[in-house]
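Working notes, beginning with the structure itself.
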Amino acid sequence: MAKRDFYAVLGVNRDAAEDEIKKAYRRLAMKHHPDRNTGDKDSEEKFKECKEAYEVLTDARKRAAYDQFGHAGIDPAAGFGAGARGAEGFGGFADAFGDIFGEIFGQQRGGRGGNGVYRGADLRYNLELSLEDAARGTEAKIRIPTLEQCATCHGSGAKPGTTPKQCPTCHGRGEVRVSQGFFSLQQTCPQCHGRGKVIADPCTTCEGAGRVRKHKTLSVKIPAGVDQDDRIRLAGEGEAGVNGGPPGDLYVVVSLKAHAVFQRDGADLHCELPISFATAALGGDIDIPTLDGHAKVKVAPETQTGQVFRLRNKGIRPVRGSVTGDLYCHVSIETPVKLTARQKELLREFDAITQEDPEAHSPRAKNFFDKVKEFFGS
């Protein structure tokens with residue numbers, strides 16, 4: 001089966017920046033990680049596919065070769081050159097591109113060499129917060145699964161009292177030279193998988209991996225004003241690195257719970273303010289809740305549904321700002337229910353009096369029905 005285009009695999013454009021590529025990879029890796037999709041072969045293949053795409057597109061040299069030659073540009077076995085041209089004709093081509101291919105397949109000057117040292121993977125944790133905790137800030141304890149350095153072998157992968165030996169195949173370089181036609185390319189050593197060392201007597205705790213899967217509990221300080229999808233970075237709290245490499249980071253991503261009263265919009269808050277028919281007509285004072293306690297709203301006589309009252313500085317002060325938002329109360333006039341016989345009698349009497357001069361008491365209704373009559377030509 002032909003490989004898919006790496007840019008399509010990650011869902012990014014061909015001119016995507018490295019940060020955009022990393023972001024797309026993290027999202028897909030979290031979705032298809034084998035630990036979250038046990039037994040799902042399709043997810044496992046997608047995880048491998050996006051990992052390969054990420055490794056190529058975040059390496060400047062590999063990406064340049066891929067952009068120019070496609071998958072063949074990063075495949076040591078591709079051969080690049082059916083024998084339509086003789087050795088003499090290909091000599092100039094090999095001389096011109098030899099250094100490029102050498103760098104692509106491992107001869108990176110100033111690189112890490114063949115010691116197989118890798119930074120640990122970054123982790124993501126979704127933290128649900130109430131609106132109050134997000135507004136005021138809090139401290140949360142979270143428990144996360146991660147890979148930590150094996151305490152028995154201290155990350156070497158070898159049984160205590162023994163040490164890894166130099167790989168006899170690559171002689172510690174982590175790479176081997178492979179001839180492909182007129183090219184001499186380098187690729188990862190098949191015996192030590194790039195480590196440069198082999199373990200004859202592996203650690204029984206981690207089975208030679210140098211890392212073990214554990215759960216750890218962390219305390220996370222949540223700053224006041226965080227919002228939906230805000231990220232808090234905990235440096236070095238991701239997975240342990242390989243062969244002494246640095247650990248990754250942990251990103252705590254905020255998710256806000258639905259609130260019974262308020263809806264958040266950035267720094268502002270919104271709420272529905274139900275008022276009675278009598279209060280809307282006659283006016284009055286109403287107590288409403290805020291995040292800081294209670295506030296009083298003065299309802300003017302003849303208030304209509306949809307009118308909005310604004311309470312300044314009763315919203316949220318965002319984590320990256322100095323101006324506190326406002327609270328917007330949206331008026332909703334409530335129709336009374338379960339009326340008594342006396343209440344119904346009074347309302348009928350009120351309606352009859354109102355209908356004596358509907359234009360004065362219900363101008364919006366009068367205007368609406370006048371337009372209806374005009375529309376139907378009556």
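The values are calculated or read from the model by the stated rules, or taken from the named source; none is laboratory data. Here the structure is a predicted model, which is why all the values come from computation and not from measurement. As a convention, Cβ positions derive from the backbone with ideal geometry for all residues, glycine included, and neighbour counts pool all protein chains shown. Note: areas computed on protein heavy atoms with side chains; ligands, DNA, RNA excluded. Shrake-Rupley method; radii C 1.70, N 1.55, O 1.52, S 1.80 Å.
Values for this structure:
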quantity	calculated
Calculated from backbone phi, Karplus (6.51, -1.76, 1.60) coupling profile of the range 187-192 in Hz, x at Gly/Pro	9, 4, 4, x, 8, 9
Partners for Lys48 among lysines (Cα-Cα distance below 17 Å; same-chain residues under 8 apart left out)	Lys3, Lys22, Lys23, Lys31
Under-5 Å amide H pairs with Val299, H placed in peptide plane, nonlocal only	Gly284, Asp285, Ile286
Among the listed pairs Lys257/Lys298; Lys41/Lys141; Lys46/Lys214, those beyond 27 Å (Cα-Cα)	Lys257/Lys298; Lys41/Lys141
In sequence order, calculated HN-Hα J values of the range 271-287 (Karplus, 6.51, -1.76, 1.60; Hz; x Gly/Pro)	8, 8, 10, x, 10, 6, 4, 5, 5, 4, 7, 9, x, x, 9, 10, 8
Rounded to the nearest 20 debye, dipole of the range 232-349 from Cβ charges on Lys, Arg, Asp, Glu	260 debye
Loop sites in the range 246-345: trypsin sites (Lys or Arg not before Pro), DSSP, at most 15 other Cβ within 10 Å	Lys257, Arg312, Arg320, Lys338
Local electrostatic count, Ala267, Cβ distance below 9 Å [Lys/Arg +1, Asp/Glu -1]	-2
Residues whose placed amide H lies under 5 Å from that of Arg124, excluding near-sequence neighbours	Tyr251
Sequence-distant residues sharing a close amide H with Val178 (under 5 Å, placed H)	Leu185, Gln186, Gln187
Sites Ser255 and Thr204, calculated FRET efficiency, Cβ-Cβ separation with R0 56 Å, nearest 0.05	0.90
Neighbour net charge for Gly210 - beta-carbon separation under 13 angstrom, K R +1, D E -1	+2
12 Å beta-carbon shell around Cys170, net charge (K/R +1, D/E -1)	+3
Selection of GluC sites (Glu not before Pro), the range 242-334, meeting DSSP coil and at most 12 other Cβ within 10 Å	Glu302
Alpha-carbon radius of gyration plus Dmax, which is the widest Cα pair, for the range 149-282 in Å	27.8, 94
Rounded if a/c under 1.5, otherwise prolate or oblate - the range 238-325, Cα gyration tensor axes	prolate
For the range 208-225, Karplus couplings with θ = phi - 60° (6.51, -1.76, 1.60), whole Hz, Gly/Pro x	x, 6, x, 9, 10, 8, 9, 10, 9, 9, 10, 9, 10, 8, 9, x, 5, x
Pairwise label distance in nanometres, Phe350 with Gln191, each label 7 Å out on the Cα-Cβ vector	9.5 nm
FRET efficiency, Thr217 to Ala300 (Cβ-Cβ, R0 51 Å, nearest 0.05)	0.40
Accessible area (Å², 1.4 Å probe, nearest 10) - Thr205	80 Å²
